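Shown next, in C-alpha cells, is the structure this report addresses.
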Amino acid sequence: MFEKRVIVDGRGHLLGRLASIVAKEILAGQEVVVVRCEELNISGSLIRNKLKFHDFLRKHVNTNRARGPFHHRSPHRMLWRAIRGMIPHKTPRGALAMARLKVFEGIPAPYDKLRRVVVPQALKALRLAPGRKFCRIGDLAAEVGWRYAEQTKLVEERRKAKMSVYYERKKALLALRKQAYGSDAPAPVKNTSKRALATRTKTQKIRAQKKAQK
C-alpha cells in the first residue's frame, strides 16, 4: 500500500484474513484505519462461535483474575486482539506497528468524509465457499456482553441519512452544471501540488527535447 493512511471498510470482510493482511502492512510501516468493525464476519454459525467465546471467557489466572487474560467484548477490540496476536507486540518494532493501527465501530469523523477501500483477499463473498455458515462480529459481541450495539446502529443510521442528503445534493449540482455548460463543461481542476507540478514540468521538458531531436 504505502500511502499516508489507508482506511479499510470492514463490512463484509473475514476477521482472520483481514487481520493477517493488516498485520503485514503495519509491520511494513503503513498506517491503517479499520472502520465498521461490527460488520466483520467470522466463519461458522453464531451459536458455535458463541460457545467458543464462552470457553475463552473461562480462561483466567487461578489466583487473581485481574492479571488476565483480558476478554474484550467490543468488535473493534476483538479485531485489535487478533492483529496483536500476529505481531511481536512486546518488541519495540511490534509496539511501533501497533501504534500505526486504529480500529473503530461505525465510521467516526473525519473518516466518514475520506476515501475507504476494501481488501479483496479478505472479502467473505470471494473467500468463503457458498452455503457455508458465518456470523457478524457485532451479533457475537452483543451476545457476550457488548452493550453499545443499539447506539452504534443508531449513529450509523444517522450518518447514512446525512450522507444520502449530501449525495443527492451533489447529483443535482452536477446535473445543473451539465445542463448549463452542455458539451463545453470545464475540465476538472488539475492537481497543483509541488510534486505534481514538478512531474508535469519534467514531462514537458522531455517532450521538448524529443521534438528538438526530430
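Taking the range 11-31 as the range and being open to solvent by 20 Å² or more (accessible area, probe 1.4 Å) and polar (S, T, N, Q) as the test, only S20 passes. Within the range 94-115, restricting attention to residues that are in a loop (DSSP other than H, G, I, E, B) and buried (at least 17 other Cβ atoms within 10 Å of the Cβ), the residue that is farthest from the chain's Cα centre (by Cα) is R100. If you check I7, I42, I47 for being closer than 15 Å to W146 by Cβ and of a type outside the set (F, W, Y), only one passes: I42.
How many of the residues in the range 181-198 are modelled with pLDDT of 70 or more and open to solvent by less than 80 Å² (accessible area, probe 1.4 Å)?
Within the range 181-198, residues that are modelled with pLDDT of 70 or more and open to solvent by less than 80 Å² (accessible area, probe 1.4 Å) number 1.
Scanning the range 139-158 for residues that are open to solvent by less than 70 Å² (accessible area, probe 1.4 Å) and among the charged types (D, E, K, R) turns up D139, E156.
Taking the criterion of being open to solvent by less than 50 Å² (accessible area, probe 1.4 Å), within 23 Å of L27 (Cα to Cα) and assigned to a loop (DSSP other than H, G, I, E, B), the only residue of the range 73-93 that qualifies is I87. For the condition over 15 Å from V33 (Cα atoms) and either charged (D, E, K, R) or touching a Phe, Trp or Tyr at 6+ places or on another chain (Cβ under 6 Å) (or both), R93 qualifies.
Taking every residue in the range 140-162 that is within 20 Å of K52 (Cα to Cα) and pairing it with any residue that is open to solvent by 50 Å² or more (accessible area, probe 1.4 Å) and among the hydrophobic types (A, V, I, L, M, F, W, C), at least 6 positions away or on another chain, the pairs with Cβ-Cβ distances below 8 Å are L140/L46; E143/L46.
The values are calculated or read from the model by the stated rules, or taken from the named source; none is laboratory data. Just so you know, these numbers come straight off a predicted model, no measurement behind them. Positions of Cβ are backbone-derived with ideal geometry, glycine not excepted, and every protein chain shown enters the neighbour counts. Ligands, DNA and RNA are stripped out before the accessible areas are found, and what is left, the full protein with its side chains, is counted by its heavy atoms. Shrake-Rupley method; radii C 1.70, N 1.55, O 1.52, S 1.80 Å.
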